[in-house]
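Worksheet for the structure shown next.
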Amino acid sequence: MDHAQRANAVMSRIHELACISEDPHCVTRTFGSSAFISGCSKVLKWMQEAGLQARIDNIGNVRGRWPSTQPNARTLVIASHIDTVKNAGKFDGPLGVIMGLDLITHLQQERINLPFNIELIAFSDEEGVRFHTTYLGSTAITGKFNSALLDKTDSAGITLRNAIKTMGGDVDQLAADAIPEDEWLGYYEIHIEQGPVLYEQHIPVAVVQGIAGQHRIRVRFHGMGGHAGTVPMEMRKDALCAAAEFILAVERFGLEHNNDLVATVGTVDVKDAASNVIPGEVTCTLDVRSTDQVLLKKARRYLKDIASQICAERQLTADWDIIQKAKPVECDTALSHLLAQGITAAGYNVKNLVSGAGHDAVMVGAVAPVCMLFVRCYKGISHHPEENVEVADIAAAIQVSAHFIHRLAEVYKKR
Ligand code: GLV
Ligand code: MN
Ligand code: MN
């Protein structure tokens, strides 16, 4: 099979996986849902058919191992995620998993003896849609899973503990799923860029230099509910109006720091909402990202103060819960250099990019050297049904990845 045929096969699997969704009208596969569980079974079957030692671990990661014949070999993890946002695109996550499987299958057909094991992982929760906290799958394999999260609840009141049980996982065995630190060789992830740079500059792939840090916060405004027809305007403590002011302040702050930071309120939940009820309690999510760790911290403090000021002026109160703090991560120079050589060998110019989107590489970066390849996507659209990738760009990424693995094997053999 040539690269174009392989890319077409990858594309048809991406479409096949996209058909497994919570909603028949779009792609939605959030952590632990029945569609998610079916998606995992499909990927498990593909891994088994490829002859990998495949299993689903306790946090719901689908894992397939291709062991090296060399004793005490280290492990290169190739991974991405198969959970999605709501009304998602088809490529964010699955591209890296399905391309990883293609890569391994063709390395096997070459009968190559790699001096390291390869473990392909389809991470279970990169998006953090259900429990607001991201990277559940990758924290488990790095041994950094925070068991305090097990009592967190989703919007239906189901705990993470119960969600794991429903998937067949054993919460007492999460630690046993970690790859020991001394076994890691490195980590490679292929992912769509999710931004417009490659599309605008007509470049198929890029090396990721680093990934922005990300803070996720839940802000809950407590006012006073009441009758929308009887309570005079100046006597109200409308939690939604306070949230609205806060949202605009977040946008202003983001605009003021446009080159260095982005800030988003992505969800607003009005408790017991009705057109004839004054909103008494409103919960928002806040997502702030930057490659500058100091600025991230400053943003969090500033926006917390803003929320307090708004509440003081309106005589409300607010709870401020930090759900997640992920530091910015730099990709490994040596692995990224090999990846850049792979791009050159495939006949393309090397482009470096920083990722504003979060990736499981952030968590893995705490225990192992990581590198990532970005693939151009249509107009940079992502987290949206119009997300799209050209078959030719998948073919380019296949070529680059094959060169990268061969180079890594060469370098590693010499050690
Ligand atoms: C995941 O796509 C994220 O960046 O939040
Ligand atoms: Mn992703
Ligand atoms: Mn995503």
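Values for this structure:
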item: Over the chain, relative contact order from alpha-carbon pairs under 8 Å, at least 6 apart, %; result: 21 percent
item: Long-range amide H partners of Arg74 with built H, under 5 Å; result: Asn117
item: Candidates Val129, Val77, Val231: whichever shows maximal mean-square fluctuation once the chain is modelled as a Gaussian network with Cα springs under 10 Å; result: Val231
item: Nearest-ten-degree value, helix 333-345 long axis tilted from longest Cα axis of the chain; result: 60 degrees
item: Per-residue ³J(HN,Hα) for segment 242-253, Karplus 6.51 cos²θ - 1.76 cosθ + 1.60, θ = phi - 60°, Hz, x for Gly and Pro; result: 5, 4, 4, 4, 4, 4, 5, 5, 4, 4, 4, 4
item: Whole-Hz ³J(HN,Hα) from phi, Karplus 6.51 cos²θ - 1.76 cosθ + 1.60, for segment 161-178, glycine and proline x; result: 3, 6, 4, 5, 4, 4, 7, x, x, 10, 5, 7, 10, 4, 5, 5, 7, 5
item: The chain: most fluctuating residue of Gly280, Gly96, Gly39 per GNM, C-alpha cutoff 10 Å; result: Gly280
item: DSSP-defined beta bridges in the chain - what % are antiparallel, rounded to 5; result: 70 percent
item: Residues of segment 112-138 with amide N under 15 Å of a point placed 7 Å along Cα→Cβ from Asp321; result: 129-134
item: Sorted by Cβ neighbour density within 10 Å, fewest at the top, the residues Met235, Met47, Met224; result: Met235, Met224, Met47
item: Choice from Tyr187, Tyr348, Tyr135 with maximal GNM fluctuation in the chain (Cα, 10 Å cutoff); result: Tyr348
item: Length-normalised contact order for segment 213-326 - Cα pairs under 8 Å, 6+ apart - percent; result: 45 percent
item: Only Lys, Arg (+1) and Asp, Glu (-1) charged, at Cβ; the chain dipole about Cα centre in debye; result: 520 debye
item: Sequence-distant residues sharing a close amide H with Gly266 (under 5 Å, placed H); result: Thr285, Asp287
item: Between helix 293-314 and the chain: long-axis angle, C-alpha atoms, 0 to 90°, nearest 10; result: 20 degrees
item: Unit Cα scatterers, Debye sum, segment 213-326: log10 I(q)/I(0) for q = 0.10, 0.11, 0.13, 0.19 Å⁻¹; result: -0.30, -0.36, -0.49, -0.91
item: Amide hydrogen neighbours beyond the local backbone of Ser355, cut-off 5 Å, H modeled; result: Gln209, Gly210, Ile211, Ala212
item: Footprinting exposure proxy for Thr84, Thr317 (fewest neighbouring C-beta atoms within 10 Å first); result: Thr317, Thr84
item: Derived scalar couplings ³J(HN,Hα) [segment 50-63; Karplus, 6.51 cos²θ - 1.76 cosθ + 1.60; whole Hz; x for Gly, Pro]; result: 7, x, 7, 7, 10, 7, 10, 8, 5, 9, x, 6, 8, 10
item: Candidate aspartates and glutamates for bridging to Lys379, where Cα separation is under 12 Å - those fewer than 8 sequence places away on the same chain excluded; result: Glu193, Glu200, Glu387, Glu390
item: Nitroxide proxy distance, nm - points 7 Å out along Cα→Cβ at Asp269 and Ile306; result: 2.3 nm
item: log₁₀ of I(q)/I(0) at q = 0.06, 0.07, 0.12, 0.13 Å⁻¹ - the chain, Debye sum with one point per alpha carbon; result: -0.26, -0.35, -0.96, -1.11
item: Segment 57-216: radius of gyration and largest Cα-Cα distance (Dmax), Å; result: 17.1, 50
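No lab work stands behind these numbers, since they all come straight from the coordinates. None of the values given here were measured: they were computed from a predicted structure. Reconstructed Cβ throughout: ideal geometry from the backbone, glycine too, with neighbour counts over all protein chains shown.
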